[in-house]
1. Which condition breaks for residue 135 when tested against (1) touching a strand residue (DSSP E or B) at 6+ places or on another chain (Cβ under 6 Å); (2) at pLDDT 95 or above?
2. Can you tell me how many residues within segment 26-35 are surrounded by 15 or more Cβ atoms within 10 Å (Cβ to Cβ) and either in contact (Cβ under 8 Å) with a residue 60 or more places away in the chain or more than 17 Å from the chain's Cα centre (by Cα) (or both)?
3. Which of the residues that make up segment 110-135 are within 22 Å of the chain's Cα centre (by Cα), closer than 22 Å to residue 46 by Cβ and either free of Cβ contacts under 8 Å to residues at least 40 places away in the same chain or not in a loop (DSSP other than H, G, I, E, B) (or both)?
4. Might you let me know whether segment 40-48 holds any residue that is in a helix (DSSP H, G or I), out of contact with any helix residue (DSSP H, G or I) (no Cβ under 7 Å at 6 or more places or on another chain) and either within 30 Å of residue 9 (Cβ to Cβ) or without any contact (Cβ under 8 Å) to a residue 12 or more places away in the chain (or both)?
5. Please go through segment 51-74 and give me each residue that is in a helix (DSSP H, G or I) and either surrounded by 14 or more Cβ atoms within 10 Å (Cβ to Cβ) or touching a helix residue (DSSP H, G or I) at 6+ places or on another chain (Cβ under 7 Å) (or both), ordered by number.
6. Just to verify a result, which residue in segment 138-176, among those that are in contact with a helix residue (DSSP H, G or I) (Cβ under 7 Å, 6 or more places away or on another chain), in a loop (DSSP other than H, G, I, E, B) and within 20 Å of residue 123 (Cα to Cα), is modelled with the lowest pLDDT?
7. So, in segment 162-177, of the ones that are closer than 22 Å to residue 47 by Cα and touching a strand residue (DSSP E or B) at 6+ places or on another chain (Cβ under 6 Å), which residue ends up surrounded by the fewest Cβ atoms within 10 Å (Cβ to Cβ)?
8. Being over 26 Å from residue 47 (Cα atoms) and not in a strand (DSSP E or B), is that true of even one residue in segment 84-96?
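The values are calculated or read from the model by the stated rules, or taken from the named source; none is laboratory data. Every value quoted in this text rests on a predicted model; they were computed, and no experiment measured them. Reconstructed Cβ throughout: ideal geometry from the backbone, glycine too, with neighbour counts over all protein chains shown.
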């Protein structure tokens, strides 16, 4: 194996620029998170998830490749934080913005029964659904009160052995029947 390939560009100026770049971008992330809040890294909405991936990608590219340059990377990350904050603010203040900008969760199972139309509309396979039921420690389909495909792509499984109904507040925004 040619070890020189892995270390040929490794010199003190390169190491210093990687160290300084990492420190600057990392500190920028801390400052932006303090300004815009921890929700910036949540997966509550699809926008939050996209923002987290984009920030991570810019962070890695700025410190690892230098492209975009350090200042441009820091500014771009700040703009992503700002855009995510503005979208969150619009969704918080306006139901119309919420409905326009975000998907609704979709019900995949109810009371132990598969909702085939919703499963097909969401392109979820039975194998994927089965795996999510196992992850949630479901032992019998009759225990399943609801399985919801959330706006982030996560799957929530609500189950109990008791004969409880799911509170309406929990299911308020869930699409019961796909179009």
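1. Of (1) touching a strand residue (DSSP E or B) at 6+ places or on another chain (Cβ under 6 Å); (2) at pLDDT 95 or above, only one is false for residue 135: (1).
2. Within segment 26-35, residues that are surrounded by 15 or more Cβ atoms within 10 Å (Cβ to Cβ) and either in contact (Cβ under 8 Å) with a residue 60 or more places away in the chain or more than 17 Å from the chain's Cα centre (by Cα) (or both) number 3.
3. 118, 119, 121, 123, 124, 125, 128, 129, 131, 132, 135
4. no
5. Those that are in a helix (DSSP H, G or I) and either surrounded by 14 or more Cβ atoms within 10 Å (Cβ to Cβ) or touching a helix residue (DSSP H, G or I) at 6+ places or on another chain (Cβ under 7 Å) (or both): 51, 52, 54, 55, 58, 59, 61, 62, 63, 70, 73, 74.
6. My answer is 152.
7. Only one residue fits best here, namely 175.
8. There is no residue in segment 84-96 that is over 26 Å from residue 47 (Cα atoms) and not in a strand (DSSP E or B).
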